[in-house]
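**Student:** Got a structure here, written out as structure tokens. Questions coming.
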Amino acid sequence: MKLEKVLVVGAGTMGHGIAELFAMAGYQVYLSDINQEILDNALSKIKWSLDKLQEKGQLKESASNIVSRIKTVVGLNESVSDADFAIEAAIEKLDLKRQIFSKLDELLPAHAILATNTSSLSISKIAEATKRPEKVVGMHFFNPPVLMQLVEVMKGEKTSDETAKITYELAKKLGKTPIMINKDVPGYVVNRILGEIISASCIILQRGIADYLTIDAVARYKLGFPMGVFELLDYTGIDVNYYVSKSLEEYGIKSPCSALFEEKVKKNELGVKSGKGFYSYP
Ligand code: CAA
């Protein structure tokens, strides 16, 4: 299958990193979001990251060459209609994702694969919004996509073996280590395991057994995590984790963290991006 042009829908925390990764691997990238300000912000984050990698001698070509392969697009329109592969990285809301997939189905050529970076929603339900469910697949990256090695590829009920295989091989071309999940399960494998650890941490916090600093010390210095649990929540965004916990609840997977996340979201304590979460970021 011809795969030269990639469309990334959503230029937020995950989308900009995914666009960067595809551009680093030599693909022409369309990066789409709802306004130019978000896109400009995404481009400056991509440039910062590429400069960092360049400083460390980790790029095969100049950062500016890589950036020149990324074209920003406001909205979804005919200008992206020659993309061979699309990956959606919008917020974790099923209705929104279904609207995006319906539009992608209308715009993109018949051979194009439509992937979603959802971390908790059903691939099959997203695929129902298209007339090509066999070409819809989950491709789940971790934050920050350029540094995190694992990619989860997950099939929906109707995803073809060919679509899953192309996506799996594509993750390898991006320099990642993919895993294949043949069943459409909410939360893939990582978030089911990580979710349990986060839930246990919230319970320990809420029962006053230990504070977040103590729990984070255990994660870092005993469990060998690169970040503490609450540090990680701040890093990925408490709003993101709130949406994930809400959507998992719809599948009967209850999170003891939900109320805590909701309270923090209401106070705009979203983590690193808002300057305060569990920790402060002056
Ligand atoms: N691009 C390039 N360089 C980057 C970068 C990026 N996006 N992000 C960080 N770096 C650089 C830092 O600037 C730093 O550079 P210097 O050495 O020049 O200072 C270097 O990487 C190391 O970073 P840090 O010093 O901040 O700390 P670190 O060694 O802990 O590495 C980390 C940072 C790779 C993020 C590491 O802490 C880590 O692996 N954390 C866990 C992240 C994780 O688990 N992510 C998954 C979350 S779940 C998810 O995303 C999915 C979901 O479904 C919600």
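What follows is calculated from the coordinates using simple rules that are stated; it is not laboratory data. All values derive from a computational prediction rather than experimental measurement. No Cβ is skipped: glycine too gets one built from the backbone with ideal geometry, and neighbour counts run over all protein chains shown.
**Student:** Report Rg(Cα)/(2.2 N^0.38 Å) for the chain, keeping two decimals. All intermediate terms of the calculation are to be shown ahead of the outcome.
**Tutor:** On the way: Rg = 18.7 Å, N = 282, 2.2 N^0.38 = 18.8 Å.
My calculation over the Cα atoms of the chain gives 0.99.
**Student:** Please get the size of the charge dipole for the chain, origin at its Cα centre, with Cβ charges of +1 on Lys and Arg and -1 on Asp and Glu, quoted in debye to the nearest 20.
**Tutor:** Details: 35 positive and 35 negative charges, 79 e Å.
Here the size comes out at about 380 debye.
**Student:** Name the lysines eligible as straight-distance cross-link partners of Lys125: C-alpha to C-alpha under 19 Å, and not fewer than 8 places from it in the same chain.
**Tutor:** Result set, ordered by chain and number: Lys93, Lys97, Lys103, Lys135, Lys155, Lys158, Lys183, Lys246.
**Student:** Summing Lys, Arg as +1 and Asp, Glu as -1, what charge do residues with Cβ under 9 Å from the Cβ of Phe261 carry, Phe261 excluded? Walk me through the intermediate numbers first.
**Tutor:** Numbers: positive: Lys246, Lys264; negative: Asp239, Glu262, Glu263.
Net local charge, Phe261 excluded: -1.
**Student:** Right, next: Can you order the peptides 172-180, 22-30 by their average number of other Cβ atoms within 10 Å per residue, highest first? Intermediate values should be presented prior to the final figure.
**Tutor:** On the way: 172-180: 14.4, 22-30: 20.8.
Output ranking for 172-180, 22-30: 22-30, 172-180.
**Student:** To make sure I understand the rule: partners must be aspartates and glutamates, Cα under 14 Å from the Cα of Lys45, and not fewer than 8 residues away in the same chain. Which ones qualify?
**Tutor:** The qualifying aspartates and glutamates are Glu20, Glu37.
**Student:** Here is a further query. Using the basic label-point model (7 angstrom from Cα toward the beta carbon), what is the Arg192 to Asp95 distance in nanometres?
**Tutor:** 2.9
**Student:** Quick one: check the C-alpha center-to-center distance for region 39-113 versus region 237-269, whole angstrom.
**Tutor:** Taking the Cα centre of region 237-269 as reference, the centre of region 39-113 is 27 Å away.
**Student:** What full-extension length gain, to one decimal in nm, is calculated for Leu53 and Ile34 as 0.36 nm per residue of separation minus the Cα-Cα distance?
**Tutor:** Values: separation 19, 0.36 × 19 = 6.84 nm, distance 2.83 nm.
Here the segment from Leu53 to Ile34 would lengthen by 4.0 nm.
**Student:** What three numbers, in Å, describe the spread of the alpha carbons of region 1-132 along their principal axes, ordered from the longest?
**Tutor:** 45, 29, 24
**Student:** Right, here's the next one. Over the chain, what is the relative contact order in whole percent, taking alpha-carbon pairs under 8 Å and six or more residues apart?
**Tutor:** Numbers: 500 pairs, mean separation 38.2, N = 282.
This gives 14 percent for the chain.
**Student:** Using the crude model of +1 on Lys and Arg Cβ and -1 on Asp and Glu Cβ, and no other charge, please compute the dipole size for region 193-261 relative to its Cα centre, in debye to 20.
**Tutor:** On the way: 5 positive and 8 negative charges, 41 e Å.
Result for region 193-261 is approximately 200 debye, rounded to the nearest 20.
**Student:** Please build a GNM for the chain, connecting alpha carbons under 10 Å apart, and tell me which residue among Ala86, Ala164, Ala219 fluctuates the most.
**Tutor:** Maximum among the listed residues: Ala219.
**Student:** While we're here: Under 25 °C and 0.890 mPa s, how fast does region 82-187 diffuse according to Stokes-Einstein, given a Kirkwood radius computed over C-alpha pairs? Answer in µm²/s, whole number. It would help to have the intermediate numbers written out before the result.
**Tutor:** Details: Rh = 13.4 Å.
So the translational diffusion coefficient is about 183 µm²/s.
**Student:** Within a 10 angstrom radius of the beta carbon, how do Thr72, Thr118 rank from fewest other beta carbons to most?
**Tutor:** Details: Thr72 17, Thr118 27.
In increasing order of surrounding Cβ atoms, one gets Thr72, Thr118.
**Student:** Next up: To the nearest 20 debye, what is the magnitude of the charge dipole of region 23-88 about its Cα centre, counting +1 on the Cβ of each Lys and Arg and -1 on the Cβ of each Asp and Glu? Mind dumping the intermediate values first?
**Tutor:** Values: 7 positive and 10 negative charges, 78 e Å.
It comes to approximately 380 debye.
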